[in-house]
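Inspection log for the structure reproduced underneath, given as C-alpha cells.
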Amino acid sequence: MPVSTVSIPVGQWFTSAEGVRWWFDSGSFALDFAYTGAIGGNPAWERLHAPDDLTSWLHHRFPVAIGSARSRDLFDAISLRDAIGRMAQASAHGEALRTSDIDLVNLYAATPDIPPVLAGGSRQAGRSVQAVAQALSTIARDAVDLFDPANHGRIRECSGSDCEIVYLDTSRAATRRWCSMQRCGNRAKVRAHRARARRAVEPAA
C-alpha cells in the first residue's frame with residue numbers, strides 16, 4: 001500500500017551518451033528521485049547542481065504547486081536522495097541497509113507531507129503553494145513503501161552485462177529483467193539474434 005497520499009506518475013525519460021532517448025520506469029517515485037544523482041557512481045546522472053534545478057524537477061513531477069528551493073533545501077534533497085540511492089543498491093545486491101540511511105529516510109518521512117486535495121470544493125484549504133520540505137517528506141514516505149519487506153527481492157539490478165541501473169519490479173509475476181526494453185532489453189535481443197545467425201552459418205563439426 002502506498003504511504004504517500006499524493007498520486008504521482010512514475011518513470012522518466014533519459015538520454016544516453018550517444019544521444020538516444022529512452023524511457024525508464026523505475027517502479028517507484030522515490031527511485032525516480034534517486035536517479036537525479038550519481039547513483040552507482042555515475043556522475044552523468046547528476047541533475048541537481050543548484051537550487052533552481054531542484055525547483056524545476058519538483059515542478060515537473062508534482063501535481064501541485066511547489067515553492068522555490070533554497071540552498072538549504074538542495075542540501076536536504078541531496079542528502080535524502082543519496083540515502084535512497086545507497087539503500088536501493090544495497091537491496092539489489094542483497095546487502096543490509098545502513099542504519100544511518102534508514103534513520104534519514106524516517107526523519108524526512110516523519111515531517112508533514114503534501115496533503116491530498118479533493119476537487120470541487122468552494123474554498124482553499126491549507127496552503128496554495130507547498131513547501132519543498134513537504135515534497136521531500138512525500139518522497140521519503142514513498143521510500144518507506146519502496147523498502148517495505150513486501151518488496152523483498154523485487155528491487156533489482158538490470159540484467160544487462162554493462163548496466164547497473166536499479167529498479168523495483170512491479171510486474172505481477174516478478175519477471176522483469178531489464179531497466180528498459182528500449183535499451184538493455186533491445187540490446188539483448190540483438191545479441192541473441194546475432195548469435196543465432198552465427199550458429200546457423202557455422203559448419204557442422
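Can you give the accessible area per residue of segment 73-175, in Å², using a 1.4 Å probe? The partial results should precede the final answer.
Working: 5590 Å² over 103 residues.
Result: 54 Å² per residue.
When only the heavy atoms of the protein chains count and the probe is 1.4 Å, how do Arg21, Arg177, Arg123, Arg156 rank by accessible area, highest first? Walk me through the numbers before you get to the answer.
Values: Arg21 145, Arg177 125, Arg123 200, Arg156 60 Å².
Largest accessible area first, the residues go Arg123, Arg21, Arg177, Arg156.
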The extension gain from Ala50 to Ile78, computed as 0.36 nm times the residue separation minus the Cα-Cα distance, is 9.0 nm
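Return the carbon/sulfur percentage of the accessible area of segment 1-106, one whole number, probe 1.4 Å, all protein chains in place. Could the numbers behind the result be given before it?
Numbers: 2870 of 5350 Å².
Exposed carbon and sulfur together represent 54 percent of the surface.
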Please identify every one of the chymotrypsin sites (Phe, Trp or Tyr not before Pro) in segment 1-110 that sits in a loop by DSSP and has no more than 15 other beta carbons within 10 Å of its own beta carbon. none
Residues with amide H under 5 Å from that of Ser180, placed H, sequence gap 5 or more: Gly185
Interchain or sequence-distant (5+) residues whose placed amide H lies within less than 5 Å of the amide H of Ile155 are Asp169
What is the set of long-range amide H partners of Ile66 at a cut-off below 5 Å, with H atoms built 1.01 Å from backbone N? Gln130
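In what sequence, largest accessible area first, do Leu118, Leu58, Leu104 appear using a 1.4 Å probe? Intermediate results must be reported in sequence, preceding the final value.
Values: Leu118 160, Leu58 0, Leu104 45 Å².
My answer, sorted largest first, is Leu118, Leu104, Leu58.
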Largest-first ordering by accessible area, 1.4 Å probe, given options Asp25, Asp103, Asp145: Asp103, Asp25, Asp145
In whole Hz, the Karplus estimates of ³J(HN,Hα) for segment 172-184 (6.51, -1.76, 1.60; θ = phi - 60°; x where Gly or Pro) are 4, 8, 6, 10, 5, 10, 10, 5, 7, 5, 6, 10, 5
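The values are calculated or read from the model by the stated rules, or taken from the named source; none is laboratory data. These numbers were taken from a predicted model, which means no experiment stands behind them. Positions of Cβ are backbone-derived with ideal geometry, glycine not excepted, and every protein chain shown enters the neighbour counts. To get the accessible areas, we keep the full protein, side chains included, count just its heavy atoms, and leave off ligands, DNA and RNA. Shrake-Rupley method; radii C 1.70, N 1.55, O 1.52, S 1.80 Å.
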